[in-house]
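Trainee: Let me give you the structure first, and then I'll get to my questions.
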Amino acid sequence: MITCRVWGLLKYYHPNVTSGKVDWDKILMDGMEGIEHASTPEMVNKELKRMLDAAGKYHHKKTNGFNDSLKMNVNLCWLDKSFLDDALCSELRKIASTPVEQPSYYSVRFEQALLQNEKRYDFEVAASLHSMKYRLLSLFRYWNVIYYFFPHKYLMDQSWDKTLMESIFPFIEATDEQSYQIAFFKLAVALNDGHAYITMGNYFSSGSQDILEIMNGKTIVRVGAGGLQSGDIITHIGRRDIQSIRDSLSALIPSSTPLNREYRINGYVAEMISLPGIGVTITRDAREIRLYLAPITFEKKVLSPYRWLSEKIGYVDFSTLAKEKIDSIFQYFLDAEGIIFDLRKGVDNTYDAGYFSRYLSESNTPYYLCPMVLPDLEHPGAFCWKEIIMSNPDVSEYPRFQGKLVYLINESSQSALETIAWEGRTNFHAILIGRPTSGALGRVTWIPLPGNNRTIAAFSGFALFSLDKSELQRKGIVPDIEVYPTMESIKAGKDEILEAAIKYLNNHYY
């Protein structure tokens, strides 16, 4: 554990390492055997001093101090609690007080989606699994990136220090691919971050979350197929109780909020019951029924991405709102008394908030994006506030939409969609209807890991806040009108959130 900490501190602060002059992965792996066989604190100190010496001599320039916005992430107190000798502790503190010159070889930058300078190691996963040093390199790399560059570390349910202590032995003992993956999934879950994805080539993800609904602790079929009907309550898959299945999945699926975790679990459960010949026990109208399902495909209705719901109300699927479509959509709905924008299905990567705002802003007054916190690259572990104000184009050139705006959100609305919902309410007086969003905001940052070119992990790379600087991470965007399903609405095949939005607009116009 102390090796991980010392290696990480030197990785992000020692001038020769931050300049890219030293192969820091190799230094760790070369010293791993000596540390593994060290049986006393003195022997560990000796090996760690060798690691420090391998980094080379440097010129110390003491910092004049720095502003840590969150005041919770910078923490070197572990040096006081360790068995490291005074000389080594003193040297490490001196290094940690040295401002890091830019560009730093290993830093996590705002504009950087993928950490470019982390080695991937071009070999098959199986080869790395038989070598403990590569497994521990994965753990140490991931743990330290989070320790120094994850702005929400202080929001975790469990301290990241304790997570490291609990992770060491699972990574040491993970001698097959499955146990290695499970160790990493559990590590990622500890972030309490919906962006904490781990992909290892055969990692499966699900697009079937909307097939099921969790309500009052029960797993309910929302979309019937293959013998299942809307409103069926799943109690067992095979011989396993559904709750034990959900509990097992909960330990492996990262999320920021309980609602989003249950939503994600629904996707995996839906895939399980879609397997050929699987036995599923359900309750239907108070009767227990055992079904053996043929391979089934859940089909969704394909509707026009934007359309009139009535003479007065338009609807737009936000996942189709590419930049080049924004002008035509607003022209199409210019006379509508209300437009419903559905933020529950994703967002087109070409969406541009500036194109959107020119039809909604009252003037050329700049509009706000969420206040954000970015890493202080000179002092890894510290973070600084940054406010971004977007300037509008000349809105006089564009007709302003005069009707009401409604955004539909729920626990599936994540990342950019949450930011869009926040901006819509803050800048354009949009009404949010549905359920709280995922609570995972900010751009995704990806970390390559030893294994192969498909082994990669992620986290929320910067933090977004409300105007009063209260957290949005792990809370999500809370709607103005909250809507939850009922058994009656599920059986009737209703979209409760959409119907609530239509009702809201009708009540304001008729």
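The values are calculated or read from the model by the stated rules, or taken from the named source; none is laboratory data. These numbers come from a predicted model, not from an experiment. Cβ: placed from backbone, ideal geometry, glycine included. Neighbour counts: every protein chain shown. Protein only, heavy atoms only, side chains kept; ligands, DNA and RNA dropped before computing areas. Shrake-Rupley method; radii C 1.70, N 1.55, O 1.52, S 1.80 Å.
Trainee: Restricting attention to segment 158-174, does a residue exist that is surrounded by fewer than 19 Cβ atoms within 10 Å (Cβ to Cβ) and more than 30 Å from residue 380 (Cα to Cα)?
Mentor: Yes, because at least one residue in segment 158-174 is surrounded by fewer than 19 Cβ atoms within 10 Å (Cβ to Cβ) and more than 30 Å from residue 380 (Cα to Cα).
Trainee: Look at segment 17-29 and say how many of its residues are in a helix (DSSP H, G or I), touching a residue at least 12 places away in the same chain (Cβ under 8 Å) and more than 19 Å from residue 89 (Cα to Cα).
Mentor: Residues meeting the conditions: 5.
Trainee: Separate question: Among 324, 311, 299, which is the only one that is farther than 28 Å from residue 476 by Cβ and either modelled with pLDDT of 90 or more or among the basic types (Lys, Arg) (or both)?
Mentor: 311
Trainee: Turning to a different aspect of this structure: Take segment 395-420 and flag every residue that is in a helix (DSSP H, G or I) and surrounded by fewer than 21 Cβ atoms within 10 Å (Cβ to Cβ).
Mentor: Listed by number, the residues that qualify are 395, 396, 397, 416.
Trainee: Another question, if that's okay. Answer yes or no: is there a residue in segment 247-268 that is over 23 Å from residue 191 (Cα atoms) and of a type outside the set (S, T, N, Q).
Mentor: Checked against the condition, which is being over 23 Å from residue 191 (Cα atoms) and of a type outside the set (S, T, N, Q), segment 247-268 yields no hits at all.
Trainee: Residues of segment 202-245 being closer than 16 Å to residue 488 by Cα, at pLDDT below 95 and of a type in the set (D, E, K, R), which ones?
Mentor: Passing the criteria: 213, 222.
Trainee: Is there a residue being within 21 Å of residue 400 (Cβ to Cβ), open to solvent by 20 Å² or more (accessible area, probe 1.4 Å) and part of a helix (DSSP H, G or I) anywhere in segment 336-346?
Mentor: no
Trainee: Enumerate the pairs (first residue in segment 482-510 and farther than 25 Å from residue 221 by Cα; second residue anywhere and crowded, with 18+ Cβ neighbours inside 10 Å and hydrophobic (A, V, I, L, M, F, W, C)) with beta-carbon separation below 6 Å, excluding pairs fewer than 6 apart on the same chain, so at least 6 apart or on different chains.
Mentor: What qualifies is 505/313.
Trainee: Suppose we keep only residues that are farther than 17 Å from residue 458 by Cβ and open to solvent by less than 50 Å² (accessible area, probe 1.4 Å) within segment 135-154. Which one would you say is modelled with the lowest pLDDT?
Mentor: So, considering only residues that are farther than 17 Å from residue 458 by Cβ and open to solvent by less than 50 Å² (accessible area, probe 1.4 Å), the one modelled with the lowest pLDDT is 135.
Trainee: In addition: Quick one: is residue 431 closer than 30 Å to residue 132 by Cα and surrounded by fewer than 23 Cβ atoms within 10 Å (Cβ to Cβ)?
Mentor: no
Trainee: Any idea which of 230, 179 is part of a loop (DSSP other than H, G, I, E, B) and among the polar types (S, T, N, Q)?
Mentor: After applying the criteria, what remains is 230.
Trainee: Looking for whichever is under 30 Å from residue 167 (Cβ atoms), of a type in the set (A, V, I, L, M, F, W, C), open to solvent by 50 Å² or more (accessible area, probe 1.4 Å) and assigned to a helix (DSSP H, G or I) here; the options are 249, 259. Which one fits?
Mentor: After ruling out the rest, the residue left standing is 259.
Trainee: For segment 17-39, what are the residues that are surrounded by fewer than 16 Cβ atoms within 10 Å (Cβ to Cβ) and either of a type in the set (Gly, Ala, Ser) or within 22 Å of residue 76 (Cα to Cα) (or both)?
Mentor: Answer for segment 17-39, where residues must be surrounded by fewer than 16 Cβ atoms within 10 Å (Cβ to Cβ) and either of a type in the set (Gly, Ala, Ser) or within 22 Å of residue 76 (Cα to Cα) (or both): 19, 20, 34, 39.
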